[in-house]
Number of protein chains: 2
Amino acid sequence: MKITKDLYQGSLALLTDFYQLTMAYAYWKAGKGEEEAVFNLFFRKHPFQGGFTVAAGLEYVVDYCRNFHFEKKDIEYLAGMKAPDGSPQFEKGFLDYLENLRFSCDIDAVEEGTVVFPNAPILRVKGPLIQCQLLETPLLNILNFQTLIATKAARITLAAKGEPVLEFGLRRAQGIDGALAASRAAYIGGCTSTSNVMAGKLFGIPVSGTHAHSWIMSFESELEAFEAYADAFPDQCVFLVDTYDTLQGIKNAIKVGEILRSKGKEMVGIRIDSGDLAYFSNQAREMLDGAGFPNAKIVASNDLDEYIIASLKSQEASINVWGVGTKLVTAFDQPALGAVYKLSAIRTEEGEWQPKIKVSQQTLKINIPGIHNVRRYYSQGKAVADMIFLEDQEVNPRGTVIIDPLDPTRRKRIMPAFYQGEDLLKPIFKDGKVIYSCPPIEKIRQRTKDQLGSFDKTHKRLVNPHIYPVGLEENLHHLRMDLVLKAKKFEDENE
Amino acid sequence: MKITKDLYQGSLALLTDFYQLTMAYAYWKAGKGEEEAVFNLFFRKHPFQGGFTVAAGLEYVVDYCRNFHFEKKDIEYLAGMKAPDGSPQFEKGFLDYLENLRFSCDIDAVEEGTVVFPNAPILRVKGPLIQCQLLETPLLNILNFQTLIATKAARITLAAKGEPVLEFGLRRAQGIDGALAASRAAYIGGCTSTSNVMAGKLFGIPVSGTHAHSWIMSFESELEAFEAYADAFPDQCVFLVDTYDTLQGIKNAIKVGEILRSKGKEMVGIRIDSGDLAYFSNQAREMLDGAGFPNAKIVASNDLDEYIIASLKSQEASINVWGVGTKLVTAFDQPALGAVYKLSAIRTEEGEWQPKIKVSQQTLKINIPGIHNVRRYYSQGKAVADMIFLEDQEVNPRGTVIIDPLDPTRRKRIMPAFYQGEDLLKPIFKDGKVIYSCPPIEKIRQRTKDQLGSFDKTHKRLVNPHIYPVGLEENLHHLRMDLVLKAKKFEDENE
């Protein structure tokens with residue numbers, strides 16, 4: 001499947017920040033454009049004050065990179081840009097360079113549906129500086145958003161404790177692809193279906209939906225509206241009961257349920273979209289059971305999120321199916337993930353990789369230098385720790401220590417002999433060629449489930465979760481400390 | 001310009017909720033599909049607890065409707081959908097109906113850049129029930145988001161008090177179009193430029209940007225990096241000074257500024273992206289002034305929004321240009337507008353328009369029945385009140401009263417003779433044909449400015465704004481009351 005090709009015509013090479021192009025130009029002018037660099041994409045904090053994050057968006061990334069090129073009209077647009085003095089912004093030689101540019105990077109990334117943690121790379125790009133820079137913005141755009149939504153969906157489906165969660169956020173989503181990509185990520189995170197028919201078609205996601213208040217209002221009475229709906233969909237009736245009066249609506253649904261039954265059909269259930277969902281769902285359950293419809297489902301919707309679902313559960317509301325929209329597809333309580341993309345190494349003219357550090361007044365913002373992978377250790381099927389390590393250094397098989405990048409007093413001893421290790425960054429592109437086959441979305445969704453299953457439930461608590469250990473392998477920790485201190489000394493010399 | 005055509009291939013007819021299709025099918029089965037209906041699109045509360053909202057997105061809507069049709073592959077997808085018993089979800093006759101469907105509605109809407117208020121329609125669709133239904137979701141998706149972002153941008157630019165606001169949210173935006181549409185709406189709302197080159201190309205918005213921390217890190221020293229950048233862009237140097245140490249960075253910028261000056265060039269300024277912006281901007285101003293660069297601009301960025309900008313202004317920070325990203329393009333503190341689309345009238349078989357009401361346990365959710373327009377009254381160029389009125393009823397030229405839809409004790413006397421009135425809903429489509437020419441984006445942006453200028457500043461206060469009067473014209477108020485009471489009585493009869 002070619003997602004962006006299906007969605008967007010032609011090239012998306014200009015879907016980047018202008019400063020990537022000005023930097024690319026300046027690199028080109030300085031003769032540095034083909035210098036090789038390594039950039040890591042990672043986030044610094046779990047969203048929603050949670051204890052885990054679910055990676056998503058890689059298939060979009062693969063598609064984006066595979067189709068990466070500047071088209072004639074992109075070049076024409078850039079050729080028309082002017083510097084303040086009226087001269088062309090970019091020299092022709094540079095535009096020719098862009099027109100002939102072919103994607104040639106290596107990309108390693110965690111697979112979609114992988115549970116990931118702060119500071120550990122979820123994607124790594126190795127390649128010519130100019131290409132690495134141009135890719136920064138689109139890769140962040142794609143992975144930031146889809147990872148955010150997959151995580152939100154996982155939290156919501158965890159709160160629903162295995163009951164179906166229907167996503168219907170299209171009308172409040174942030175733009176057209178804000179909706180499509182959200183539906184995809186929500187499914188990966190655990191939702192059961194989407195209302196977005198185009199997402200269903202593009203991504204092969206189950207779609208679902210019944211009717212709206214306007215259906216009811218377009219008839220002379222609610223009863224008449226339910227009957228007409230039952231005529232069209234005798235096997236799929238979920239009656240929306242709150243257009244005029246919820247309790248009366250439930251009675252009308254039961255009436256039509258009885259008519260259906262007299263024809264050998266069963267209504268599926270009812271939906272409540274307003275009012276006190278705990279109260280009305282329990283009333284509905286009682287009325288439906290009393291009328292001989294114990295199997296009729298009760299669907300609830302109305303600004304639901306993981307917290308309200310958990311609260312309704314704790315109140316023993318009689319809800320079987322959860323409809324979520326706005327709060328999920330916009331990640332309402334934290335609508336951006338804030339992942340970043342940082343240079344971590346440059347290859348010198350002599351061919352040596354030189355690790356790079358960015359010091360900051362905020363310790364949180366000091367990057368991790370070098371070329372890393374992330375190894376997850378399992379003990380009896382349960383994830384116990386993630387170790388960020390330098391890819392070109394052997395990890396001591398007799399044991400090592402991982403050190404929290406923000407607090408060097410937090411350490412954990414790793415005895416590889418007792419654990420199973422799995423390296424999370426998998427090769428996706430090699431020299432610009434895809435060497436990874438994106439799995440079908442059902443498999444990705446299953447991976448999310450399996451991955452979440454491998455973590456202790458205390459890490460998945462919605463509020464105040466238990467922190468999962470992630471640390472730098474000793475050698476990497478020392479490299480980083482040395483470089484930070486060197487950089488600080490370097491500054492002193494300048495003062 | 002064809003926005004969605006440029007962005008998306010083919011038809012977007014499936015970009016809708018599945019329940020619109022099930023309802024369409026059921027209308028078709030019930031022989032009601034061609035019944036004429038009127039739907040209003042409106043929101044119930046200003047976003048961000050503000051006092052105004054700026055409408056945006058109409059050009060997308062025009063493009064969407066103009067290209068509205070089901071393609072063969074859409075029909076094939078729908079034909080492949082199965083009911084629970086394995087039979088096709090939709091009959092072939094209905095699919096033929098969809099395949100032959102041509103957009104034939106009337107649409108009236110407020111122009112982009114119009115300041116709008118709760119409960120008053122910002123768009124009205126009149127046409128066959130099925131088409132009205134299918135359009136609900138995409139129109140909400142488009143207008144909800146762009147209106148939200150234009151409003152956020154207007155708030156931020158108001159806080160910046162005329163100083164340039166650069167939008168660079170692409171990397172944290174919600175999806176690809178979440179970024180593109182946001183850049184467009186942000187420009188309409190008052191931003192000066194975007195970092196998103198593709199938005200620049202598609203919408204003709206100015207783009208801007210200089211360099212990132214990675215530029216600095218890719219050189220042996222900051223000074224060397226600044227010099228190389230100055231070589232490439234001698235007229236456009238805004239040096240990012242906080243990669244290692246902000247004060248040292250400012251010194252290095254000044255050094256390179258002096259080199260530039262020796263070549264007859266001037267640096268444009270510096271950018272600070274971390275740390276205490278009030279402190280460092282004032283330090284920078286002093287250093288730049290002291291070194292003979294009083295015209296060098298200070299650009300600030302780092303999670304800015306209207307509140308932080310207002311706070312920095314009140315602290316007399318020496319910032320001249322404001323860079324905003326995440327908080328703007330995701331409307332971080334309220335990432336969805338929540339506009340709705342409600343049936344307000346149906347034409348009976350006799351050809352009479354019958355106003356429709358939806359009662360609700362929440363008074364806020366009772367709709368406004370009938371076919372309306374919105375008239376804005378001005379006194380000496382200042383907007384004084386908006387009146388929602390029935391389009392087919394003459395407003396008493398000797399005077400009327402407008403009544404708050406939520407609180408009938410809040411009323412305002414309107415004396416048309418003393419005011420200039422302007423009807424805000426303009427004809428956009430007539431019988432499915434566009435009769436409106438979308439203005440260039442510069443004109444839309446200017447309209448926002450002019451419109452905001454026509455409101456008293458107390459309505460534009462960021463916090464706890466003065467409420468602008470919007471009410472139902474007397475006749476409409478009475479119609480609504482009668483229908484609500486009738487609906488409530490109707491319910492009583494059922495109990």
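The values are calculated or read from the model by the stated rules, or taken from the named source; none is laboratory data. What you see is a predicted model, and the numbers here were worked out from it, not measured in a lab. Note that each Cβ is placed from the backbone with ideal geometry, even for glycine, and that neighbours are counted across all protein chains shown. The accessibility values were calculated without ligands, DNA or RNA, using every heavy atom of the protein model including side chains. Shrake-Rupley method; radii C 1.70, N 1.55, O 1.52, S 1.80 Å.
Can you confirm whether region A:319-333 contains a residue that is over 32 Å from the mean Cα position of the chain (by Cα), touching a residue at least 24 places away in the same chain (Cβ under 8 Å) and over 30 Å from A:Asp177 (Cβ atoms)? So far as region A:319-333 goes, no, none of its residues is over 32 Å from the mean Cα position of the chain (by Cα), touching a residue at least 24 places away in the same chain (Cβ under 8 Å) and over 30 Å from A:Asp177 (Cβ atoms). Only residues that are more than 23 Å from B:Glu76 (Cβ to Cβ) and of a type in the set (D, E, K, R): list them for region A:199-220, please. Within region A:199-220, A:Glu220 is the sole residue that qualifies. Selection over region A:193-206 of residues that are open to solvent by 10 Å² or more (accessible area, probe 1.4 Å) and facing chain B (nearest Cβ under 7 Å) gives a count of 2. B:Ser274 falls short on exactly one of the conditions (1) under 38 Å from the mean Cα position of the chain (by Cα); (2) more than 19 Å from B:His211 (Cβ to Cβ), and that condition is (2). B:Thr243 falls short on exactly one of the conditions (1) under 40 Å from the mean Cα position of the chain (by Cα); (2) open to solvent by 10 Å² or more (accessible area, probe 1.4 Å); (3) within 9 Å of chain A (Cβ to nearest Cβ); (4) more than 22 Å from B:Gly292 (Cβ to Cβ), and that condition is (2). Here B:Gly275 fits the description: at pLDDT below 95 and in a loop (DSSP other than H, G, I, E, B). Of all residues in region A:379-407, those that are closer than 21 Å to A:Leu364 by Cα and touching a residue at least 12 places away in the same chain (Cβ under 8 Å) have Cβ atoms under 7 Å from Cβ atoms of residues that are among the polar types (S, T, N, Q) and open to solvent by 30 Å² or more (accessible area, probe 1.4 Å), 6 or more apart or on another chain, in A:Leu390/A:Asn475; A:Leu406/A:Thr363. Among the conditions (1) more than 25 Å from B:Gly432 (Cβ to Cβ); (2) touching a Phe, Trp or Tyr at 6+ places or on another chain (Cβ under 8 Å); (3) open to solvent by 10 Å² or more (accessible area, probe 1.4 Å), the only one that B:Ile176 does not satisfy is (3).
Counting the residues of region A:351-378 that are away from chain B (no Cβ under 14 Å), touching a residue at least 40 places away in the same chain (Cβ under 8 Å) and either over 26 Å from A:Tyr468 (Cα atoms) or not β-branched (Val, Ile, Thr) (or both) gives 6. Kindly indicate whether B:Tyr60 is open to solvent by 10 Å² or more (accessible area, probe 1.4 Å), within 11 Å of chain A (Cβ to nearest Cβ) and either under 21 Å from A:Gly175 (Cβ atoms) or not small (Gly, Ala, Ser) (or both). It is false that B:Tyr60 is open to solvent by 10 Å² or more (accessible area, probe 1.4 Å), within 11 Å of chain A (Cβ to nearest Cβ) and either under 21 Å from A:Gly175 (Cβ atoms) or not small (Gly, Ala, Ser) (or both).
Regarding B:Asp85, is this residue out of contact with any Asp or Glu (no Cβ under 9 Å at 6 or more places or on another chain), more than 23 Å from A:Ala212 (Cβ to Cβ) and either free of Cβ contacts under 8 Å to residues at least 40 places away in the same chain or not small (Gly, Ala, Ser) (or both)?
Values: out of contact with any Asp or Glu (no Cβ under 9 Å at 6 or more places or on another chain): no; more than 23 Å from A:Ala212 (Cβ to Cβ): yes; either free of Cβ contacts under 8 Å to residues at least 40 places away in the same chain or not small (Gly, Ala, Ser) (or both): yes.
Judged against the criteria, B:Asp85 is not a match.
Among the candidates B:Gly209, B:Gly249, B:Gly178, the residue that is assigned to a helix (DSSP H, G or I) and facing chain A (nearest Cβ under 7 Å) is uniquely B:Gly178. Would you check if A:Ala228 is of a type in the set (A, V, I, L, M), open to solvent by 10 Å² or more (accessible area, probe 1.4 Å) and at pLDDT 95 or above? Considered against the rule, which asks whether it is of a type in the set (A, V, I, L, M), open to solvent by 10 Å² or more (accessible area, probe 1.4 Å) and at pLDDT 95 or above, A:Ala228 comes out as yes. Are any residues in region B:362-379 more than 22 Å from B:Gln451 (Cβ to Cβ), outside any loop (DSSP other than H, G, I, E, B) and open to solvent by less than 70 Å² (accessible area, probe 1.4 Å), and if so, which ones? Answer for region B:362-379, where residues must be more than 22 Å from B:Gln451 (Cβ to Cβ), outside any loop (DSSP other than H, G, I, E, B) and open to solvent by less than 70 Å² (accessible area, probe 1.4 Å): B:Leu364, B:Lys365. Residues in region B:181-206 that are modelled with pLDDT of 95 or more, part of a helix (DSSP H, G or I), under 17 Å from B:Lys443 (Cβ atoms) and of a type outside the set (Lys, Arg): B:Ala185, B:Ala186, B:Tyr187, B:Ile188, B:Gly189.
Any residue in region B:314-331 that is basic (Lys, Arg), away from chain A (no Cβ under 12 Å) and either in contact with a helix residue (DSSP H, G or I) (Cβ under 8 Å, 6 or more places away or on another chain) or farther than 20 Å from A:Ser360 by Cβ (or both)?
The first filter runs over region B:314-331 and keeps only residues basic (Lys, Arg), leaving B:327.
Among the residues that remain, those that are also away from chain A (no Cβ under 12 Å) are: none.
For region B:314-331, residues basic (Lys, Arg), away from chain A (no Cβ under 12 Å) and either in contact with a helix residue (DSSP H, G or I) (Cβ under 8 Å, 6 or more places away or on another chain) or farther than 20 Å from A:Ser360 by Cβ (or both): absent.
Could you please give the count of residues in region A:212-223 that are assigned to a loop (DSSP other than H, G, I, E, B), more than 7 Å from chain B (Cβ to nearest Cβ) and not charged (D, E, K, R)? Full working, then the answer.
We begin by selecting, within region A:212-223, every residue assigned to a loop (DSSP other than H, G, I, E, B); these are A:212, A:218-221.
Still in the list and also more than 7 Å from chain B (Cβ to nearest Cβ): A:219-221.
Filter once more, keeping what is not charged (D, E, K, R): A:219, A:221.
Within region A:212-223, residues that are assigned to a loop (DSSP other than H, G, I, E, B), more than 7 Å from chain B (Cβ to nearest Cβ) and not charged (D, E, K, R) number 2.
For region A:380-394, taking the residues that are modelled with pLDDT of 95 or more and open to solvent by 20 Å² or more (accessible area, probe 1.4 Å), the one that is nearest to A:Pro118 (Cα to Cα) is identified as A:Val384.
Could you list all residues from region A:279-315 that are in a loop (DSSP other than H, G, I, E, B) and crowded, with 19+ Cβ neighbours inside 10 Å? Steps first, answer last, please.
Looking only at region A:279-315, we keep the residues that are in a loop (DSSP other than H, G, I, E, B), and these are A:291-296, A:301-305, A:315.
Correct list: A:Phe293, A:Ala296, A:Ser301, A:Leu304, A:Asp305.
Which residues, taken from region B:25-57, are closer than 23 Å to B:Arg184 by Cα, assigned to a helix (DSSP H, G or I) and either of a type in the set (A, V, I, L, M, F, W, C) or within 11 Å of another protein chain (Cβ to nearest Cβ) (or both)? Correct list: B:Phe48 only.
Could we say that B:Asp276 is within 10 Å of chain A (Cβ to nearest Cβ) and either buried (at least 24 other Cβ atoms within 10 Å of the Cβ) or not hydroxyl-bearing (Ser, Thr, Tyr) (or both) here? Yes. So is A:Val238 among the β-branched types (Val, Ile, Thr) and open to solvent by less than 10 Å² (accessible area, probe 1.4 Å) or not? So A:Val238 does not fit the description; no.
Scan A:Glu76, A:Glu59, A:Glu99 and give me the residue that is under 21 Å from the mean Cα position of the chain (by Cα) and acidic (Asp, Glu). If you could, list the steps in order and put the result at the bottom.
Numbers: A:Glu76 fails: under 21 Å from the mean Cα position of the chain (by Cα); A:Glu99 fails: under 21 Å from the mean Cα position of the chain (by Cα).
Sole residue among the options that is under 21 Å from the mean Cα position of the chain (by Cα) and acidic (Asp, Glu): A:Glu59.
In region B:76-167, counting only strands (runs of 3 or more DSSP E) that sit wholly within it, the ones holding 2 or more residues that are buried (at least 20 other Cβ atoms within 10 Å of the Cβ) and within 14 Å of chain A (Cβ to nearest Cβ) span B:123-128, B:165-167. Residues that are among the hydroxyl-bearing types (Ser, Thr, Tyr), open to solvent by 20 Å² or more (accessible area, probe 1.4 Å) and assigned to a loop (DSSP other than H, G, I, E, B) occur in region A:317-332; there is at least one.
Scanning region A:252-271 for residues that are assigned to a loop (DSSP other than H, G, I, E, B), more than 39 Å from the chain's Cα centre (by Cα) and either without any contact (Cβ under 8 Å) to a residue 24 or more places away in the chain or surrounded by 23 or more Cβ atoms within 10 Å (Cβ to Cβ) (or both) gives a single hit, A:Gly264.
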